[in-house]
1. Suppose we keep only residues that are surrounded by fewer than 12 Cβ atoms within 10 Å (Cβ to Cβ) and among the acidic types (Asp, Glu) within the stretch 62-84. Which one would you say is farthest from Lys20 (Cα to Cα)?
2. Looking at the stretch 12-23, I want the residues that are within 17 Å of Asp40 (Cβ to Cβ) and have a partner that is of a type in the set (D, E, K, R) and modelled with pLDDT of 90 or more with Cβ atoms under 6 Å, at least 6 apart or on another chain. Which pairs are those?
3. For the stretch 17-32, state whether one or more residues are touching a helix residue (DSSP H, G or I) at 6+ places or on another chain (Cβ under 9 Å), on the phi < 0 side of the Ramachandran plot and of a type in the set (S, T, N, Q).
4. Of the residues Ser57, Ser32, Ser51, which single one is more than 9 Å from the chain's Cα centre (by Cα), under 19 Å from Ala10 (Cα atoms) and of a type in the set (Ser, Thr, Tyr)?
5. Which of the residues spanning the stretch 14-43 are touching a Gly at 6+ places or on another chain (Cβ under 6 Å) and either of a type in the set (A, V, I, L, M) or over 24 Å from Asp61 (Cβ atoms) (or both)?
Amino acid sequence: GVHPGQQGQALIPAVLKKMKAFRIAHPAAWVSLDGGVNEDTLPDIVAVGVSAVCPGSAVFDNDRSPDENVARIRAIIHRLTDKN
């Protein structure tokens, strides 16, 4: 969901609209998002029904360890997708 070429870019909101339309038209398709994925954008990303995300800079480009960042991202995804 960004202009290719550099990590840490902001998510382009129009990408989410396109992904949602694609998901509606192709509900069984595997849909992945690479770019603009972080703790703040995950709720909107999960809401459009993506199958996978690639949170590169959210994992490696901050003061926390990659392990802690992955755990935080997983917790957010689990919270947003918990059906119970």
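The values are calculated or read from the model by the stated rules, or taken from the named source; none is laboratory data. A quick note: this is a predicted structure, and the numbers were derived from the prediction, not measured. Here the Cβ is made from the backbone with ideal geometry for all residues, glycine too, and neighbour counts use every protein chain on show.
1. Asp63
2. Leu16/Asp44
3. Looking for residues that are touching a helix residue (DSSP H, G or I) at 6+ places or on another chain (Cβ under 9 Å), on the phi < 0 side of the Ramachandran plot and of a type in the set (S, T, N, Q), one finds none in the stretch 17-32, hence no.
4. Details: Ser32 fails: more than 9 Å from the chain's Cα centre (by Cα); Ser51 fails: under 19 Å from Ala10 (Cα atoms).
Being more than 9 Å from the chain's Cα centre (by Cα), under 19 Å from Ala10 (Cα atoms) and of a type in the set (Ser, Thr, Tyr) holds for just one of Ser57, Ser32, Ser51, which is Ser57.
5. At the first step, the residues of the stretch 14-43 found to be touching a Gly at 6+ places or on another chain (Cβ under 6 Å) are 15, 23, 33, 35-36.
The answer is Val15, Arg23, Leu33.
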